[in-house]
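The values are calculated or read from the model by the stated rules, or taken from the named source; none is laboratory data. From a predicted model like this one, the values you see are computed outputs, not experimental measurements. Because the Cβ atoms are built from the backbone with ideal geometry, glycine has one as well, and the counts that use them run over all protein chains shown.
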Amino acid sequence: MTKKQITGAWWLFLSVLFSGVLFTPFSQAVAGTGDVRFLGAVTNYSCDVIVEVNGVRTTLAQLGTAPRNGSGPLVNITITPDMSQPGCQAQDFENSNNPVGIIWQGPFIVTTPGDTPTLLKPLSGRATDAVVDLQFINANDGYGQWFNPADFMSGAKYTAQLKAGNKAGDFYTAAAFVVVYQ
């Protein structure tokens, strides 16, 4: 081989090596798959909502601590329509006989088919056998999803409570909801 051929072969080798190093992360990122859940509603009208946890406007429910195999404190959650918006006034709800629905999605544990699940399993953390017990207080269907318009005006009320298992550690879960105005 001539010096020119060796130099060309060397550059070919380096270009193949660097392209492999540079593009390997991209090829690995494409290899993963997963599921995406979508949550939405088709409604006659829409209002933003206000979420309160223990009377404070927030979307983070601090569950406190629970002893192993015990329960933490009850946390009160209220979802109300934002009455400052046009179309979300009291008369709009009072003149409606249609129920208002709040549909939840999350890592719920289904214990009995057909029942509305109330236990949320963890998404992360070391307390992998703990759950959040989300109880529906004032829904008119017994399942925590449908409310009379007047009841919704005063707030859809829930309680959440950390129910610990035997494993100690941090706990994190999440749930999403959509409000359906019919």
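Of note:
- Number of residues in the stretch 132-155 that are closer than 19 Å to Leu120 by Cα and in contact with a Ser or Thr (Cβ under 8 Å, 6 or more places away or on another chain) equals 9.
Residue-wise test of (1) modelled with pLDDT of 85 or more; (2) surrounded by fewer than 10 Cβ atoms within 10 Å (Cβ to Cβ).
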{"residue": "Leu12", "(1), (2)": "no, no"}
{"residue": "Ser15", "(1), (2)": "no, no"}
{"residue": "Phe18", "(1), (2)": "no, no"}
{"residue": "Thr58", "(1), (2)": "yes, no"}
{"residue": "Gln62", "(1), (2)": "yes, no"}
{"residue": "Thr78", "(1), (2)": "yes, no"}
{"residue": "Gln91", "(1), (2)": "no, yes"}
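- Residue within the stretch 95-107 that is touching a residue at least 12 places away in the same chain (Cβ under 8 Å), touching a helix residue (DSSP H, G or I) at 6+ places or on another chain (Cβ under 7 Å), surrounded by fewer than 12 Cβ atoms within 10 Å (Cβ to Cβ) and farther than 24 Å from Ala175 by Cβ present: no
- Counting the residues of the stretch 120-174 that are assigned to a strand (DSSP E or B) and under 18 Å from the mean Cα position of the chain (by Cα) gives 16.
- Check on Thr78, touching a Phe, Trp or Tyr at 6+ places or on another chain (Cβ under 9 Å), β-branched (Val, Ile, Thr) and assigned to a loop (DSSP other than H, G, I, E, B): no
- So Pro73, is it at pLDDT 85 or above and not hydrophobic (A, V, I, L, M, F, W, C): yes
- Within the stretch 127-151, considering residues that are surrounded by fewer than 19 Cβ atoms within 10 Å (Cβ to Cβ), farther than 15 Å from Leu63 by Cβ and not acidic (Asp, Glu), the one modelled with the highest pLDDT: Thr128
- Only residues that are outside any strand (DSSP E or B) and either in contact with a His (Cβ under 9 Å, 6 or more places away or on another chain) or among the hydrophobic types (A, V, I, L, M, F, W, C) (or both) were counted across the stretch 81-110, and they come to 5.
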